[in-house]
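Beneath this line is the structure, given in structure tokens, with notes to follow.
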Amino acid sequence: MKRIEKIICIAISSVLILSSFASCSKSNKPTDTTPKDNTKLTVKDYFPFKENVFMKYQGIGNEYAEHETYVDYIEGDRIQIRDVNPGTTLSKVYEIKNGELRLISSREEYYYKENLLSSTNSNYDILLKEPIEKGTTWTTKDGLKRYISNTEAKITTPSGEYTAIEVTTEGNDYKIFDYYVKNVGLVKTVYKSGDVSIESNLEKITYNVPYVQTIKFYYPDFNNEKLAFKAEKVSLYTNENVNTTIEKFLKNPPKEDLNKVFGPNTKINKLYFNNSQNKVYVDVNSKFIEEMNAGSSLESMILQSLVNTLGDYYNVDKVYISVDGKPYESGHIAITENEVFYVDYKNIYEIK
């Protein structure tokens, strides 16, 4: 039963994302702007895009209804949201196009940061549709009826009182009610099935907030023939890739007696996670090898430090390393296109 409730709440949270609030006041409480003529408004008025917005939702009726959201990426007509609930972290890509708010993709177990805005999906779900008027009706990707059922719904959440448009989704034995507010976004979702009622309510909004996560960075301790790692808290703002953060830390070991993983001019050209292969791909520039200046033993430790850092971050055990698009090859170590380096946590210690 708990698993079913978790699935229900993850499904509800798929439409519980606001990107942000272009005309809110500078306080943490959004301002309700009641439209005089809903028919002239667009989907973007009810789902505006803005960077570095943190939203916290109160859950009622189920532990998984509580969640938090961060804005990872915005580009053109798409936005990527990180949705954190007690069960998992999801990455969701939304698109506003042709008068529709579309959920393009949703990836669970998303504990890293990666730009997924280019995701393709012809079977997207439409969450809101123009014209913004009572009676506008469409069909969900699962064949359910979804429609605007009210344009002046009065609702209350911990973040304030609003006049909202109400969107109803009709299932076989349940209904979902989503409440969107102009210049704010989705502030409330209610799931009802018989005597069961589950709610997610906007509790607070905070601006200029990055997503903060802890990353373990590994370094060779060549003199002691071990790898050392230190867990660092890093702040990642909207449209900021993790590549530059990884570069910065791997160039600057936390102790003088540790070896650098990257030289001063080494750059990460590309870094991504292949979900189907459960493998990380990293491409670096040629300075990585040129600035290494190491024998085979130290080179192996440098490579292992890079592999452990990326493997730990993406929670995988396989890392493919290329240099300017070609499989890694130096005077001591070389791989083919089908070979990978493996994470190895033996003989390591933590720096506090």
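Of the residues making up the stretch 276-293, those that are within 19 Å of the chain's Cα centre (by Cα) and exposed (fewer than 13 other Cβ atoms within 10 Å of the Cβ) are Ser276, Asn278. Residues in the stretch 333-352 that are without any contact (Cβ under 8 Å) to a residue 60 or more places away in the chain and either surrounded by 11 or more Cβ atoms within 10 Å (Cβ to Cβ) or on the phi > 0 side of the Ramachandran plot (or both): Ile333, Ile335, Glu339, Phe341, Tyr342, Val343, Asp344, Tyr345. Evaluating Val167 against the criteria (1) over 30 Å from Ser235 (Cβ atoms); (2) in contact with a Leu (Cβ under 8 Å, 6 or more places away or on another chain); (3) assigned to a loop (DSSP other than H, G, I, E, B) leaves one unmet condition, (3). Restricting attention to the stretch 69-87 and to residues that are charged (D, E, K, R) and crowded, with 18+ Cβ neighbours inside 10 Å, the residue that is nearest to the chain's Cα centre (by Cα) turns out to be Arg82.
Would you mind stating whether Pro210 is surrounded by 15 or more Cβ atoms within 10 Å (Cβ to Cβ) and either small (Gly, Ala, Ser) or under 30 Å from Asp344 (Cα atoms) (or both)? No, not satisfied.
The residues in the stretch 102-150 that are among the β-branched types (Val, Ile, Thr) and either open to solvent by 30 Å² or more (accessible area, probe 1.4 Å) or at positive phi (or both) can be counted, and the count is 3. Among the residues of the stretch 191-207, just one is over 18 Å from the mean Cα position of the chain (by Cα), open to solvent by less than 30 Å² (accessible area, probe 1.4 Å) and within 21 Å of Asn52 (Cβ to Cβ), namely Leu202.
A search for C-beta distances below 8 Å between a residue of the stretch 297-320 that is touching a residue at least 24 places away in the same chain (Cβ under 8 Å) and of a type in the set (Asp, Glu) and any residue that is open to solvent by less than 10 Å² (accessible area, probe 1.4 Å) and not in a strand (DSSP E or B), counting only pairs 6+ apart in sequence or on different chains, returns Asp317/Gly311. Scanning the stretch 295-315 for residues that are surrounded by 18 or more Cβ atoms within 10 Å (Cβ to Cβ) and among the hydrophobic types (A, V, I, L, M, F, W, C) gives Met301, Ile302, Leu303, Leu306, Val307, Leu310. Could you say whether any residue in the stretch 169-190 is loosely packed, with under 15 Cβ neighbours inside 10 Å and closer than 18 Å to Tyr57 by Cβ? No; the residues of the stretch 169-190 include none that is loosely packed, with under 15 Cβ neighbours inside 10 Å and closer than 18 Å to Tyr57 by Cβ.
The values are calculated or read from the model by the stated rules, or taken from the named source; none is laboratory data. Please read all numbers here as calculations on a predicted model, not as lab measurements. In this analysis, Cβ positions are derived from the backbone assuming ideal geometry, glycine residues included, and neighbour counts consider all displayed protein chains. Heavy atoms of the whole protein, side chains included, go into the accessibility calculation; ligands, DNA and RNA do not. Shrake-Rupley method; radii C 1.70, N 1.55, O 1.52, S 1.80 Å.
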